[in-house]
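Heads up: the structure comes next, in structure tokens.
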Ligand code: CP
């Protein structure tokens, strides 16, 4: 197992998080810093993606590396029955780094056990999405000026939404207060509520999405109901449109509040919110490029500041 792998946000310390944020800021100022000359990176996407794959691939291109990979596993030999283990071992023969998204929870962790090539988890089922968390933290830091003492309201699919799970865990270092807004079927899972309790993180749970819950909110983190994780489609139909952010709901909120969403969006944010200065989700996605440049260089042990001085 390569210790530079990023599988869960739980794998990295507070200092490492802050260091990655500094590196993301560096890349925002120097997006075409060519430090990956001679490196080949694989992007293996067993599940659909727009932002994560394209921002990782843009990151490699802007850093001067090369990309191989796939965005549709049905075109690969996994459709002939090749195991994940064999796929990872094969790809490891060709590349310096593997970035992978898989529908099975634990797939990225498993991959680290069958190869010495570093692995970056680009999302594993409903489990974790640590690179999303780094871009979320970078977005929070940029908009709030700090990660400390913030009230973060998470709305929607808190059961299957891997981004909220990763973000919750990362925020344990920064004294947050969480408001969890979800229906019973999609409430924050017990293991994450237990995580809050074990780490002294304050949280409240709500079924109503109203001005009361927004009053002290600094970051409003909207999520999509994850249709692809439901085994019962009728249950999805029942809960899919329960929570929608309307523009007027932002009127009485704190001036510093920003609306984040990992995207893609379906119906959970009205289109006219896009023009509200508190909407930040498109900039958030842009920040993903810089955060992922930082993550890639860390995984490959590249001293970006030294390289910059040369
Ligand atoms: N936020 C996110 O993971 O988006 P994609 O599914 O488009 O990669």
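A short reminder: the numbers here are calculations on the coordinates, not readings from a lab. Keep in mind the model is a prediction, meaning the values are calculated, not measured. Counting neighbours? That spans all protein chains shown, and the Cβs are built from the backbone with ideal geometry, glycine included.
Brief remarks on what is shown
- For the chain, the Rg and Dmax computed from alpha carbons only, in angstrom: 19.2, 59
- Arranged from fewest to most other beta-carbon atoms within 10 Å of their beta carbon, 178, 230, 27 become 230, 27, 178.
- Neighbour counts of other Cβ atoms within 10 Å put 169, 100, 1 in the fewest-to-most order 1, 169, 100.
- Cα→Cβ-extended label distance, 7 Å offset, between residue 191 and residue 229, nm: 1.1 nm
- Packing around the peptides 55-64, 297-306, taken as the average count of other Cβ atoms within 10 Å per residue, puts them in this order, highest first: 55-64, 297-306.
- At R0 = 45 Å, FRET efficiency that the Cβ-Cβ distance of residue 215 and residue 94 yields, to 0.05: 0.25
- Going from the fewest other Cβ atoms within 10 Å to the most, the residues 33, 102 appear in the order 33, 102.
- For the peptides 191-202, 218-229, 240-251, 259-270, the ranking by packing is 218-229, 259-270, 240-251, 191-202, with the highest mean count of neighbouring Cβ atoms within 10 Å listed first.
- Compared with the dominant Cα axis of the chain, that is its longest principal axis, helix 130-144 is turned about 50°.
- Springs between Cα atoms under 10 Å define the GNM used for the chain, and in it the highest mean-square fluctuation of 79, 139, 13 occurs at 79.
- Cα-based helix-to-principal-axis angle, 51-62 vs the chain, degrees rounded to 10: 40 degrees
- Whole-number percent relative contact order across the chain, with pairs defined as alpha carbons under 8 Å at least 6 apart: 21 percent
- Against the empirical curve 2.2 N^0.38 Å, the C-alpha radius of gyration of region 85-174 lands at a ratio of 1.27.
- Using the average count of surrounding beta-carbon atoms within 10 Å as a protection proxy, the listed peptides 80-86, 183-189, 123-129 rank, highest first, as 123-129, 183-189, 80-86.
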